[in-house]
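The values are calculated or read from the model by the stated rules, or taken from the named source; none is laboratory data. Everything numeric in this text was worked out from a predicted model, so none of it was measured. Note that each Cβ is placed from the backbone with ideal geometry, even for glycine, and that neighbours are counted across all protein chains shown. The accessibility values were calculated without ligands, DNA or RNA, using every heavy atom of the protein model including side chains. Shrake-Rupley method; radii C 1.70, N 1.55, O 1.52, S 1.80 Å.
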Amino acid sequence: MKVLATYNYKGGVGKTATCTTLAYLAARDGLRTLIWDLDSQGAATWTFRIQPSVGGGARSLVRGAVDLRAAVKATDYENLDVLPADTFYRKLDIALDGVEHSEDRLAELLVPFRDEYDLVLIDTAPTMSRVAESVFFAADALLAPTIPTPLSLRTLAQLFLHLKKKKSPARALPFFSLVDRRKALHRSVCRFAEEQELGFLQAEIPYSSAVERMAVRRQPLHVFAARDRAARAYRSLWEEVQERAFRAPPQTPPTRGRIRALMSEARQASG
Amino acid sequence: MTRNPKRPRLTFTVQPETAPGEVLEDLAALMPSRLLAAADRERTYFDTFDWRLYRGGFELAQTRAGTHGELRVEPRDGGPPRSARSRGPGFAWDLPEGWLRELVVPLARMRRLLPRLVLRTRATTLEAIDAEAKVVARVVLEEGKACLPEGEAWPVQTTLRVEPLRGYEPCAAEVARQLAALPGVVPLKGSTLEVGLRAVGWWPGDDPSSPASDLHPRMRADQATRAVLRRYLGVIEANEDGVLRDLDSEFLHDFRVATRRSRSIVGQMGDLLDPESVAAGADGLAWLGSVTGPLRDLDVFLLRFREEELDPALGPLQQHLSRTRQRERRRLLRALRSPRYTELKRSWLRELDTDTQRADPPADASRAIRTVARERIARRFERVLRRGAKIDAGTPARKVHRLRIQCKKLRYLIDAFGPLFEPEGTRALLKRLKRLQDTLGTFNDYEVQIELLEHLAGEMKGDTPESARALLAMGRWQERMRADMVVERERFARRFARFAADKGVDALVPREDDVGA
C-alpha cells in the first residue's frame, strides 16, 4: 500500500482538488484507493456527497480506539472509498500533544488498511501542526500544489526546511497549480523554479473554472469535464506522480543553499 | 463455495409473465432513485481448464471500458466485486503487478486462463440515492444471451442484482427486501457465470481430467475395467487440443497421467480382457508414454524456474531448456499427428466399446468388480509393504524407484475402484499413500533432474562468462538436490512407518447403501 498526501501550509492552492482528482484517476486505473479526508472542513468528503462522520473523538482516535475501517464509505465510483472528515479532527493536534512518538500515530492507524487498499491519499488541512508532522511520516510522498507566486515559493521553502529538520522520509513533490500563463509573474516564477532545479514536477495544473465547479457538481473533475485542459493536466500529473513517487529512485532534495535562494527570491519579488 | 448466509440474498429473477422493465419502474417508485440509460455489456469469463478460480471462490470476467480492457473479479460468496485495468489474461503471472495478480496467481498457478463463457446483455441500472443524491445501492437488470467461445448463443435467465456499496450495506438489504416483495420477483440461485453456463447447458467446476465414477459394485469385472479405461481415453482426448496448442504445461501432464493410468490398469486388470487387443493397446500406450516423457521432464524443470527462486546464474540454462523444449515439442506434435496415434485411439476405443467376452474368460472376468478390485488392491498393498520394509539409508536408488512404481500401481487401482467403497476409508488410505508417494516422487524428481542437468551440461558450451557461471551454478544445484535426496530418504522412513501401521486395505469397506450388492 502506498500513501500520498496533499499538503501545503497555504490554503486555497488546490489540495483537495488534487486529492480527489488523483484518487479518482487511480481508482479508474484499477488501484483500490482510499481518500482519508483529514481536513475537518471536509471538502473532499463533501465532493463525494458523503456524511462527514467517523464517530468517537480525537483522543479515542489517537489511542487507536476508533474502528476506522467501519467508518469507510464507498463513493459512487468503483475502487474508490473515503474515510470521511469529522469535526473532531480540529482537536487532533491537542490529542497528539504529549503522546510519545506522535509523528508515527497516523502511520499506525493506517496499518489495518494495508491489505485492503493499494493507495491511500490523505487530504491534509493547511496547518503546520503535529497532525501535519504525523502525515509527513505516514506518507511515501507529499504532493505540494504551489501557486507560482513568490509568497507560495516562500511557503514551499519553509516546508522543505521543516522536512529536513524533522528528517521526514516522505519525498516532497511540489507542482504548480492554478497557473495562469498570461501573467508575467507566473511565468517568471515557473522559470525560476526550473532554473534552480527545485524538484518541481513537469505537469502544471492551469487555472480552470471546471476545477471550481467540482464543488458545485460534487463530482470528480473527469466525470463531467474529462476534456478540460485542467483534467488533461491532472492526467499527466498522475502519470508523473506514479513514476516519481513509486518507481524512480528518490531525488536529492534541494540543498539549504537552493532553499535560501528561494527565500531570497521570494523576499525580493514581494518587496 | 456458497453464498455467505450472513449476507442478504441480492440476486433475483422475474417470472415469465412479468415484464422486467416494469419491475424496475415499480421499485423506482418506492424510493429516491434514478434510472440510468440502458447499456450493452459484453463479458468474457476466464478460468483455467479445470476451473481453478471458480473452485477457489472467484469468477473473473473481462469487459471493455473505453479503449482499455478491464478485468473484474467477483467473489462467489457475495462479497463486493473489484475491477482492474488490464488486457486479456493469459497466464496469471503475466497480469500487471497488484492485488489482482496476487489473488489469481496462487489459484491458477501454471494454468492458462482460457475464455469459458461469453455473456452479451443489455443492462439497465437503477441507482438508489440518499438525500444528498449519493448512490447507496444499485439494482442492475440484465437480459441477453450466453455462448461458449465459438459456440451458439442461448438466452439467459433475466437477472436483477442488488449491488451493495461499502458503508451502505443496510441500504442494499432494504432495497433487496423491497425488490423481493414486488409481484413476479423470485430469488435466483447462482452467480452470473453460473446462470450463463446453465443457459448453454454447462456447469462450472468439473475437472475434465478427473472424471466422475460411473461404476456399480455388481458390474462384471471385465465390463468395469473397460468402463474405467474408456474414461481415461476420454481424459486423453479432452487434453489433446491443449497439448497440440501448447496452452499450458498441465494439459500434457494430465494427458500423460491418463496414459499412465490406462497402462497401469491394463497391466493389473488386462487379464480380464481380450489378450490380443490388450497387447496392442498396451504397446500403443507405452509408445504414447515414451513420446510425451521428454517434453514433460523439461516442463517440470522450467516450472521450477517460475515457482522457485533459483540462482540467477542459471539464466543460460533456462534459455537452453526453452530451446530444447521447442525441439521436443515439434517431435511430440509429429507423433500426435501421425497415423499411428489416430489408429491407436480408434482401435483402443473399439476394443473398449466392444462388450464381447473373451473366448476363454478367466473366472475373475465375470465376478463382481468390487470383490475383484479389493483382492487386487490387497495384493498390491502387500507388495508395497514387503518392498518398503526392505528400504533403508543404504538401499540403491533403483530399488527406491521400484517401490515408487509399486506405489503408483496401488494408487491407480484405488483411484479407479476406490469409489466402490465407503469414501471415508478410501480417503484415509489415499491420504497416507499420497504422502508416501510425495516423498518417493520428490526423490525421483531430484534423481531425474540431476541426470538431466548432467546431460544438459554436456550440451551447453562454457565459452562465455555467463555460460561458465551457469555451469558452475548447475553443479551447485546438483549438490543441493543430492543433499535434499538424503532428507527425502529420512522423511520416507517416517512416512512408511505410518503407512505400514495403518489399517491398510481393511479401510476399504463396502458402501452402506449397497452392502447387499
If only one of B:LEU333, B:LEU352 is of a type outside the set (S, T, N, Q) and over 24 Å from B:ASP214 (Cα atoms), which one is it?
B:LEU333
The range B:130-235: strands (runs of 3 or more DSSP E) wholly inside it with 1 or more residues that are within 30 Å of A:GLN51 (Cβ to Cβ) are B:135-147, B:159-164
Any chance A:GLY12 is surrounded by fewer than 19 Cβ atoms within 10 Å (Cβ to Cβ), closer than 27 Å to A:VAL179 by Cβ and away from every other protein chain (no Cβ under 14 Å)
yes
What tally of residues in the range A:40-62 results from selecting those that are of a type outside the set (Gly, Ala, Ser) and assigned to a helix (DSSP H, G or I)?
6
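Among the residues of the range B:96-106, is any farther than 22 Å from A:VAL223 by Cα, among the β-branched types (Val, Ile, Thr) and either within 13 Å of chain A (Cβ to nearest Cβ) or touching a helix residue (DSSP H, G or I) at 6+ places or on another chain (Cβ under 6 Å) (or both)?
Scanning the range B:96-106, I find at least one residue that is farther than 22 Å from A:VAL223 by Cα, among the β-branched types (Val, Ile, Thr) and either within 13 Å of chain A (Cβ to nearest Cβ) or touching a helix residue (DSSP H, G or I) at 6+ places or on another chain (Cβ under 6 Å) (or both), so the answer is yes.
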Filter pass, A:ARG69 being among the charged types (D, E, K, R), facing another protein chain (nearest Cβ under 10 Å), open to solvent by 10 Å² or more (accessible area, probe 1.4 Å) and within 20 Å of the chain's Cα centre (by Cα):
no
The condition from (1) surrounded by 17 or more Cβ atoms within 10 Å (Cβ to Cβ); (2) over 23 Å from B:GLN223 (Cβ atoms) that B:PHE417 misses is numbered (2)
Against the condition surrounded by fewer than 16 Cβ atoms within 10 Å (Cβ to Cβ) and either in contact with a helix residue (DSSP H, G or I) (Cβ under 8 Å, 6 or more places away or on another chain) or touching a residue at least 12 places away in the same chain (Cβ under 8 Å) (or both), how does A:LEU159 come out, does it pass?
no
Which numbered condition A:ARG105 fails, given (1) under 16 Å from the mean Cα position of the chain (by Cα); (2) surrounded by 22 or more Cβ atoms within 10 Å (Cβ to Cβ):
(1)
Would you mention how many residues in the range B:206-225 are open to solvent by less than 20 Å² (accessible area, probe 1.4 Å) and farther than 17 Å from B:ARG370 by Cβ?
1
List every residue pair whose Cβ atoms sit under 7 Å apart, with the two residues 6 or more apart in sequence or on different chains, where the first one lies in the range A:42-57 and is within 11 Å of another protein chain (Cβ to nearest Cβ) and under 16 Å from B:VAL136 (Cβ atoms) and the second, anywhere, is part of a loop (DSSP other than H, G, I, E, B) and of a type in the set (Val, Ile, Thr).
A:PHE48/A:THR75
Members of the range A:73-93 that are farther than 24 Å from B:ARG34 by Cα and either part of a strand (DSSP E or B) or open to solvent by less than 10 Å² (accessible area, probe 1.4 Å) (or both)
A:LEU83, A:PRO84, A:ALA85, A:LEU92
Residue list for the range B:122-133, restricted to those being within 12 Å of chain A (Cβ to nearest Cβ), surrounded by fewer than 21 Cβ atoms within 10 Å (Cβ to Cβ) and of a type in the set (A, V, I, L, M, F, W, C):
B:ILE129, B:ALA131, B:ALA133
Can you tell me which residue is nearest to B:LEU117 (Cα to Cα) among those in the range B:28-85 that are of a type in the set (Gly, Ala, Ser), open to solvent by less than 30 Å² (accessible area, probe 1.4 Å) and within 13 Å of chain A (Cβ to nearest Cβ)?
B:GLY69
Can you find, within the range B:134-177, the residue that is surrounded by the fewest Cβ atoms within 10 Å (Cβ to Cβ) among those that are within 14 Å of another protein chain (Cβ to nearest Cβ) and without any contact (Cβ under 8 Å) to a residue 12 or more places away in the chain?
B:PRO170
How many of the residues making up the range A:80-114 are touching a Pro at 6+ places or on another chain (Cβ under 9 Å) and of a type in the set (Asp, Glu)?
1
From (1) under 15 Å from A:LEU119 (Cα atoms); (2) of a type outside the set (Gly, Ala, Ser); (3) more than 12 Å from chain B (Cβ to nearest Cβ); (4) out of contact with any Leu (no Cβ under 9 Å at 6 or more places or on another chain), pick out the condition that doesn't hold for A:TYR24.
(4)
